[in-house]
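The values are calculated or read from the model by the stated rules, or taken from the named source; none is laboratory data. None of the values given here were measured: they were computed from a predicted structure. Note: ideal-geometry Cβ built from the backbone for every residue, glycine included; neighbour counts use all protein chains shown. The accessibility values were calculated without ligands, DNA or RNA, using every heavy atom of the protein model including side chains. Shrake-Rupley method; radii C 1.70, N 1.55, O 1.52, S 1.80 Å.
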Amino acid sequence: MKNIWLLLFSLLFILSMLSGCAEPVKVTDDTANGEALVNDEEPEAQPQTNSYWSTDSTKLRVVVSIPPQKYFVERIGGSSVEVISLLEEGDDFLTSTPTAEKVAALAEANLYFMIGAPFETKISMPSSVIGIDNRKDLKLKPFSAHTEYLNTAKDNKTDPFYWLSPSMVIQSSSTIYLNLRDHSGGNREEIRTNYTHFVRDLNNLEGDIHRILINSVNMTVYTDYPALGYFGTTFNIKQKDFELASGADINDLARSAIKEDIHTVFFGPFLPSGVKGNLESLIKGTVAPLNPLREGYANNLVDIAEAIASGSAQAQ
C-alpha cells in the first residue's frame, strides 16, 4: 500500500513539472537558426516609377503627340532618346485624348514635340518640360473641315495633317534635329548622321510615291476624313470631302462618285464594316481606310498612293 501511494505521488510531481514548461517554438517559413522571425509590420512601400520610361539616365526623354512623330524622333535621335506618343494608332487625331498615365509620363520628360492636335491645349505643361511646336516655320494650308473638333487647337484655321507629305516632314524635321542635338549631351555626331539618313530616306519615299502615281496625276478622290491636303499638293492629287450619315447613303455616294468620275474613296480613320466590297463594285474602283496616325509611316503613305493608283487603273 505504501508503494502505491509513493508511485502516485511521483506521477503527480512529474505532471506538475511538465505543466510549468514553456511552449515549444513554432517553426514557420520565417524561422532561421532555431528562432522564429516575427514581423507584423507592413513592408515599406517602394517608390513607384512610371512604367513608360526606363531607368537609363543617359537617354533623353521625349514625348510626342502622335505615332508618326515617334518614328521621326526615333530615327533622328537613335540611341540617345526614348520616346512616348500620347496618342496611339487606334486613336482619332481629331477627337481622342491621351490617358492619364500618358499625361503623367509627360511630367517626367525632357522635351515635348507638339503638332497642333486639339487635345494639346487641354494639357497643363509641366515647367520642367521644354515644349516645341513641330510645325515651326512650316507654311500651313487653310483648313475648314472638322472645325468643330479643331476649335480648341492653337490654330483652327490651318490644316494639321502636314506629316502625310514627305517634303513637309523634311522641313519640320530640322526642328527635331536641332532640339535633340542641343539637349542630348554627347551624341551630336550620331544625331547628325541619323538626320542626314532620315532626310535621304524621305526623299526616296517621295520619289517612290511619285512613280506609283505617275498615271494618276490630277485625279480626284473622295474622303470623309480630309487629311490629304498636303499629300495632294505634293503628289498632284485632289481630295473632295463627303459626309456619310448612314449605310443607306452608300448608293447616293456611289452615284456622286460615278457622276464625277471618282474611283477612289477613303474612309477615315477606320473603314466601316460592310462598305468596301459593295461600294467598290458600284464605283468600279477602290475603297480604303485613311488613318493619319498609323504606325509604319512609309508603308502608310505607299498604301494611300497604291489605293489611288488602283482606282485610277480601274477607271481606264
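Extension gain, Thr99 to Lys157, is 18.2 nm, computed as 0.36 nm per intervening residue step minus the present C-alpha separation.
Protection proxy ranking for 190-199, 165-174, using the average of other Cβ atoms within 10 Å per residue and placing the highest first: 165-174, 190-199. Shown here for region 42-143: GluC sites (Glu not before Pro) in loop regions (DSSP other than H, G, I, E, B) with at most 10 other Cβ atoms within 10 Å, namely Glu44. Peptides 122-131, 225-234 ranked from most to least packed give 225-234, 122-131, packing being the mean of other C-beta atoms within 10 angstrom over each peptide's residues. Taking 7 Å steps out from each Cα toward its Cβ at Glu260 and Glu108 produces label points 4.9 nm apart. Amide H contacts for Lys240 (H built 1.01 Å from N in the peptide plane; partners 5 or more residues away or on another chain; cut-off under 5 Å): Val221, Tyr222, Thr223. Excluding ligands, DNA and RNA, the accessible surface per residue across region 42-137 is 48 Å² with a 1.4 Å probe.
Per residue, the accessible area of region 247-316 comes to 45 Å² when a 1.4 Å probe rolls over the protein heavy atoms. Let a ≥ b ≥ c be the square roots of the eigenvalues of the Cα gyration tensor of region 103-236; is it rounded (a/c under 1.5), or, if not, prolate (a/b larger than b/c) or oblate? It comes out oblate by the Cα gyration axes. The accessible surface of region 235-316, taken with every protein chain in place and a 1.4 Å probe, is 49 percent carbon and sulfur. In whole percent, and with a 1.4 Å probe on the protein chains, what portion of the accessible area of region 80-229 is carbon and sulfur? Answer for region 80-229 is 48 percent, counting heavy atoms of protein chains only. Note on Asp201 and Ser174: with the Förster distance fixed at 22 Å, the Cβ-Cβ geometry gives a FRET efficiency of about 0.90. First measure r as the distance between the Cβ atoms of Arg188 and Glu306, then evaluate 1/(1 + (r/R0)^6) with R0 = 25 Å and state the FRET efficiency to the nearest 0.05. Efficiency for this residue pair is about 0.05. Pairs spanning more than 31 Å between alpha-carbon atoms, out of Lys102/Lys238; Lys238/Lys276; Lys70/Lys122; Lys70/Lys157: Lys102/Lys238.
Under the criterion of Cα pairs below 8 Å and six or more residues apart, the relative contact order for region 55-115 equals 43 percent. What shape does region 271-316 take by its C-alpha gyration tensor, where a ≥ b ≥ c are the square roots of the eigenvalues and a/c under 1.5 counts as rounded, a/b above b/c as prolate, and the rest as oblate? Oblate.
Annotation: per residue accessible area for region 154-193 equals 42 Å², rounded to a whole number [probe 1.4 Å, protein chains only].
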